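Bear in mind that the values in this text are calculations on the coordinates, not laboratory data. Every value quoted in this text rests on a predicted model; they were computed, and no experiment measured them. Cβ placement follows ideal geometry from the backbone for every residue including glycine, while neighbour counts extend to all protein chains displayed.
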Amino acid sequence: MGLARRDRRAGSGGPLRSSARRAALGILAAFVSIAGTIWAAGVVGAVAPPPAPVGNVTPALDTVPSGTVGVAASSTPVEGRVAVIVQNSSTSAVRNVRVTSVASRPDGGLAAKAVTNDLLPSALPPGAIALGLLEFRAAASLPGTSLTFTVRSRRAASDDAPTALQVGSLVLSPPLTGDDAQTLTMKLGNPGSRTIGGPLLVRVTCFGESARPTDATDTTVRRSSLKRGATVTAVVKLHDLCPSYLVAARGASVR
C-alpha cells in the first residue's frame, strides 16, 4: 500500500512539473515573438531622411527665424532665373514647400512674380536645406528691382522623400570652349526600397567666392525607371563656370 501511494505521488508530481515547464516555455515563446514583432516593426517602419544636396561648398546662409521655413540664400536674376536655398528652422519635418518671389520696382510697384513648389529634396527634416529655382517669365523687367520671398509649407508626419535620388561620383570638367562653359558628370542612385519612375531631374546650384548662390541649372535625364539599388550616369551642361556647387536629384514617381 505504501509503495502504491508513493508511486501515485511520484506519478502525479511528474506531469505537474511537465505542465509547468510547458507553460513557462509557452510564455517565454510568446514574449520572444512579441518582442521580435515590435523590433521588426521598428526596423521596417524606420524611414531614412532624404539625401541632402551634395557638392564641394558649404553655403553661406542667412538666419532663418526659429520655428519657420524660409529662404536662407538667393542669387541675383540671371536671364530670369533665381536660385534659392530654403532651410527648415522649425522642429518638425515639412513637405509641400512653396516659394513665391515678388520683384518690386523702386517705386514699390510690382514688376514680376514667380512661384515654385519643386524643391530638391521635397521633404525637409529640421535644419535641412533644399535647392530651388524660380523662373520669371518677364525677365526683361527684373533689372533694378528688389526681390522678396514668401515660403509656405506643411508639417509632415515623416521626412521621407520617396523620389529623392542619391548623388555621387561628381566630376567637374576643365573650362570648355563653345556654348558650354563646363560639364558636371555624376552617378544617380536609387537608395529606396521601390522602383523610381522617370524622367529624372538633376539640379546644380553654382556658388561664387562668397559661397552665395549665383545660378542654378536643371537637367532632365530621359530614363523610364531606376530600380532599387540601380545607378545611372548623368551629365549636366553648365553655361557659366561653376567651381563651387551643390547638387540634388529626384525621380518623377515611385512604383
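A few remarks follow.
- Working ranking of peptides 197-208, 143-154 by packing, defined as the average number of other Cβ atoms within 10 Å per residue, highest first, is 197-208, 143-154.
- Peptides ranked, highest mean first, by Cβ atoms within 10 Å: ranges 166-173, 210-217, 130-137: 130-137, 210-217, 166-173
- The alpha carbons of the stretch 164-254 occupy a box of 39, 27, 19 Å along the principal axes, longest dimension given first.
- Bridgeable aspartates and glutamates around K237 (alpha carbons under 19 Å apart, same-chain partners fewer than 8 residues away excluded): E79, E135, D179, D180, D215, D218.
- For the stretch 54-155, alpha-carbon Rg and Dmax in angstrom: 13.8, 40
- Converting phi to 3J(HN,Hα) with the Karplus coefficients 6.51, -1.76 and 1.60 and the offset θ = phi - 60°, the stretch 198-208 yields x, x, 9, 10, 10, 10, 10, 9, 9, 10, x Hz in sequence order, with x at every glycine or proline.
- Among 187-194, 246-253, 110-117, 121-128, sorting by the average number of other beta carbon atoms lying within 10 angstrom of each residue, highest first, gives 246-253, 121-128, 187-194, 110-117.
- Dipole magnitude for the stretch 153-206: computed about the Cα centre from +1 point charges on Lys and Arg Cβ and -1 point charges on Asp and Glu Cβ, it is near 260 debye.
- Neighbourhood net charge (9 Å Cβ-Cβ; Lys/Arg +1, Asp/Glu -1) for G132: 0
- Multiplying the residue separation of L110 and R194 by 0.36 nm and subtracting their alpha-carbon distance yields 25.8 nm.
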